[in-house]
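Beneath this line is the structure, given in structure tokens, with notes to follow.
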Amino acid sequence: MINILNCSDLENDSNIKCNCHLFSNFIDSSVGHVVTGNVDIVSNKKLRKLFKKGYNYIESTLKSKDNIINSLKNDINNYVNKLSRKFSLNARFFDEWKDAVFSKFSDVIENLKISKKRTVAIMKSEKKDLDKLKESFILTGVDKACNNISFICKKYYLDNINLELERTNTYEYCNAKEEDIVKDHVSFCSKFKIDVNDRVLPFIHMLPKFHKPVLDFRYIAAGIKSSTKQLSKILSGILTLIDRNVKRMDNFQFKFSGTSGYWIVKNKDSVCSKLNYLN
């Protein structure tokens with residue numbers, strides 16, 4: 001499987017050149033650089049067809065029924081182990097459920113018609129064109145359209161990231177080496193018996209907001225494989241618990257006051273239910 005996106009591979013290189021003049025039809029007039037979600041910018045037809053599938057598309061692979069069954073067993077066992085740890089239950093407690101699920105899916109797998117042919121989505125020529133495309137552009141996602149791919153001038157992308165880091169109070173300059181910062185993270189986490197498996201720092205990237213009247217960007221600090229990952233998960237769990245309790249208290253007070261001071265929503269469903277209540 002070939003990684004289409006390259007937003008995590010960018011280094012702060014002052015020698016990066018802007019090649020937008022070669023793609024003038026796709027330049028965004030508000031910024032003077034290529035920032036587009038139009039896959040017509042890709043000249044290679046096969047590669048363009050792949051981009052249209054979105055970056056969540058996964059190439060099909062050859063799998064035997066035995067491989068699928070073994071993979072299913074592992075996934076079920078992993079899920080059971082996760083539940084047993086979460087609820088402090090013996091894994092054997094789930095044996096009857098596990099056998100029932102496995103039996104049901106085994107029948108489905110046995111009746112599958114598995115093709116022995118595999119279509120390779122990216123041949124060598126397409127891979128070459130993809131690498132060439134990445135020389136000029138950052139290929140990343142799109143805000144509010146998670147499966148779409150955007151093409152952003154690499155120099156403009158880097159300049160914009162640097163500008164955001166300079167003008168925000170969220171980050172501050174640090175001249176320490178990455179390995180020394182990671183060591184500090186490991187040392188801090190070890191005091192609280194938190195394991196640190198990944199030894200890299202988070203990276204910042206940006207997603208274009210094509211749904212806005214004027215082009216804007218969402219800046220994201222991605223730490224999914226960083227040294228702060230476990231600490232972030234723990235902190236997220238604590239904040240989620242606090243949020244849940246605040247919401248519960250507000251719901252109780254709402255019964256008496258008729259007004260709510262809680263304005264955090266997870267999705268449109270809660271907004272619609274409130275509107276229906278008011279109407």
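As an exercise, use a Förster radius of 22 Å and the Cβ-Cβ distance of Glu110 and Asp75 to find the FRET efficiency, rounded to the nearest 0.05. That gives a FRET efficiency of 0.80. Shape class of the stretch 67-170 from the alpha-carbon gyration tensor: oblate, with a/c at 1.5 or above and b/c at least as large as a/b. Protein-only accessible surface at a 1.4 angstrom probe places the residues Glu11, Glu110 in the order Glu11, Glu110, largest first. Model label points for Ser270 and Ser236, set 7 angstrom from Cα along the Cα-to-Cβ axis, are 1.7 nm apart. Taking amide hydrogens as placed 1.01 Å from N in the peptide plane, the amide H of Gly141 sits under 5 Å from those of Ser150, each at least 5 positions away in sequence or on another chain.
Stretching the chain fully between Leu83 and Lys225 yields a gain of 48.8 nm (0.36 nm per residue, less the alpha carbon separation). A 1.4 Å probe over all protein chains sorts Cys146, Cys18, Cys153 by accessible area into Cys146, Cys18, Cys153, starting with the largest.
In the chain, the calculated helix contribution to ellipticity at 222 nm averages -15000 deg cm²/dmol per residue, counting -39,500 (n - 2.57) for every DSSP H run with n ≥ 4.
Let me spell out the model: positive unit charges on the Cβ of Lys and Arg, negative unit charges on the Cβ of Asp and Glu, origin at the Cα centre of the chain. What dipole size does that give, in debye rounded to 20? Walk me through the numbers on the way to the answer.
On the way: 47 positive and 32 negative charges, 210 e Å.
Roughly 1000 debye, rounded to the nearest 20.
Of Thr170, Thr36, which has the most accessible area and how do the rest follow, probe 1.4 Å? List each step's numbers first, then the result.
Numbers: Thr170 105, Thr36 15 Å².
Solvent-accessible surface, decreasing: Thr170, Thr36.
Given their separation in residues at 0.36 nm each and the Cα-Cα distance between them, Asp180 and Glu166 gain 2.8 nm when the chain is fully extended. Taking every protein chain into account, the 1.4 Å probe leaves Tyr79 with about 110 Å² of accessible area, to the nearest ten.
Given axes a ≥ b ≥ c from the Cα gyration tensor, I'd like to know whether the stretch 131-279 is rounded (a/c under 1.5), prolate (a/b larger than b/c) or oblate. Spell out each step's value before the answer.
Details: a/c = 2.59, a/b = 1.30, b/c = 1.99.
Oblate shape, in that a/c is at least 1.5 and b/c is the bigger or equal ratio.
Each of Asn44, Tyr262, Tyr156 was scored by the projection of its Cα onto the charge dipole of the chain, and the greatest displacement toward the positive side belongs to Asn44; charges sit on the C-beta of Lys, Arg, Asp and Glu. With both labels modelled 7 Å from their Cα along Cα-to-Cβ, the His21 to Arg218 distance reads 3.5 nm.
Rounded if a/c is under 1.5, else prolate if a/b beats b/c, else oblate: with a ≥ b ≥ c from the C-alpha gyration tensor eigenvalues square-rooted, which is the stretch 214-279?
On the way: a/c = 3.58, a/b = 1.59, b/c = 2.25.
It comes out oblate by the Cα gyration axes.
Summing Cβ point charges (Lys, Arg +1; Asp, Glu -1) relative to the Cα centre of the stretch 127-279 gives a dipole of roughly 580 debye.
If you take percent of Cα pairs over 34 Å apart from the coordinates, which of (1) 47; (2) 22; (3) 33 do you get? Read-out taken from this structure: (1). Projecting the Cα positions of Ser226, Phe192, Asn147 onto the charge dipole of the stretch 93-249 (unit charges on Cβ atoms of Lys, Arg, Asp and Glu, taken about the Cα centre) puts Asn147 furthest along the positive direction. Calculated accessible area for the stretch 99-223 comes out at 69 Å² per residue, all protein chains present (probe 1.4 Å; ligands, DNA, RNA ignored). Here the chain exposes an accessible surface that is 53 percent carbon and sulfur, computed with a 1.4 Å probe and the other protein chains kept in place. The GNM of the chain, with springs linking C-alpha atoms under 10 angstrom apart, assigns the highest mean-square fluctuation among Val31, Val200, Val265 to Val265.
Starting from 0.36 nm per residue, how many nanometres of slack lie between Val200 and Ser30 once their C-alpha separation is accounted for?
On the way: separation 170, 0.36 × 170 = 61.20 nm, distance 3.55 nm.
Net length gain for the segment: 57.6 nm.
The values are calculated or read from the model by the stated rules, or taken from the named source; none is laboratory data. What you see is a predicted model; the values in this text were computed from it and never measured. Positions of Cβ are backbone-derived with ideal geometry, glycine not excepted, and every protein chain shown enters the neighbour counts. Heads up: the accessible areas ignore ligands, DNA and RNA and are worked out on the full protein's heavy atoms, side chains in. Shrake-Rupley method; radii C 1.70, N 1.55, O 1.52, S 1.80 Å.
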